1. Sorted by accessible area with a 1.4 angstrom probe, largest first, how do Arg42, Arg55 fall?
2. What accessible area per residue comes out for the chain, rounded to a whole number of Å², with a 1.4 Å probe?
3. Sum -39500 (n - 2.57) across every DSSP H segment of at least 4 residues in the chain, then divide by the residue count to get the 222 nm mean residue ellipticity, nearest 500.
4. How far is helix 31-40 tilted, in degrees, relative to the longest principal axis of the Cα atoms in the chain, given as a value from 0 to 90 rounded to the nearest 10?
5. Assuming R0 = 30 Å, what is the FRET efficiency of Ala70 and Asp94, from their Cβ-Cβ distance, to the nearest 0.05?
6. Suppose accessible area is computed on protein heavy atoms with a 1.4 Å probe; arrange Leu93, Leu25 from highest to lowest.
7. At a 1.4 Å probe radius, which order do Ser40, Ser28, Ser63 fall into by accessible area, largest first?
8. Considering only protein heavy atoms and a probe of 1.4 Å, how much of the accessible area of the chain is carbon and sulfur, as a whole percent?
Amino acid sequence: MQPGWALDTLAAGYADEALQIIDPLAQSPAADARLAALKSLRHLPPALAEPRLKRAAADTAPSVAMAARALWLELMGTPCPVEIVAALPLDLLDHPPDEV
């Protein structure tokens, strides 16, 4: 069994109670905790998972952001609508971001 099975099960059966654990994990300074929260989103109803997936897709940790984008595609069937540069402080740039 994987360590997150209990949270996954809680999310599948009792979404409101699971959110009391998922939301604080998603705001943790530790990327591993945010990733654990993200993995449980697949078991929530889409209306509850969608805004949390969008936030995770803009995460500053690439592992979290890429996992959120992959999960969005899996659950929603479309590419994630959040720009890949959403987490970057674009106001610090001299010009808009390019391929480099």
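1. In descending accessible area the options line up as Arg55, Arg42.
2. I get 67 Å² per residue for this part.
3. Estimated from H runs of four or more residues: -18000 deg cm²/dmol.
4. The helix 31-40 is inclined about 60 degrees to the chain.
5. 0.40
6. Numbers: Leu93 85, Leu25 50 Å².
The ordering from most to least exposed comes out as Leu93, Leu25.
7. Working: Ser40 0, Ser28 25, Ser63 65 Å².
Listed by decreasing accessible area, they come as Ser63, Ser28, Ser40.
8. Values: 4060 of 6660 Å².
Carbon and sulfur together cover 61 percent of it.
The values are calculated or read from the model by the stated rules, or taken from the named source; none is laboratory data. Remember, predicted model here, so these are calculated numbers, not experimental data. Reconstructed Cβ throughout: ideal geometry from the backbone, glycine too, with neighbour counts over all protein chains shown. Side chains are part of the model used for accessible areas, which takes the heavy atoms of the whole protein and leaves out ligands, DNA and RNA. Shrake-Rupley method; radii C 1.70, N 1.55, O 1.52, S 1.80 Å.
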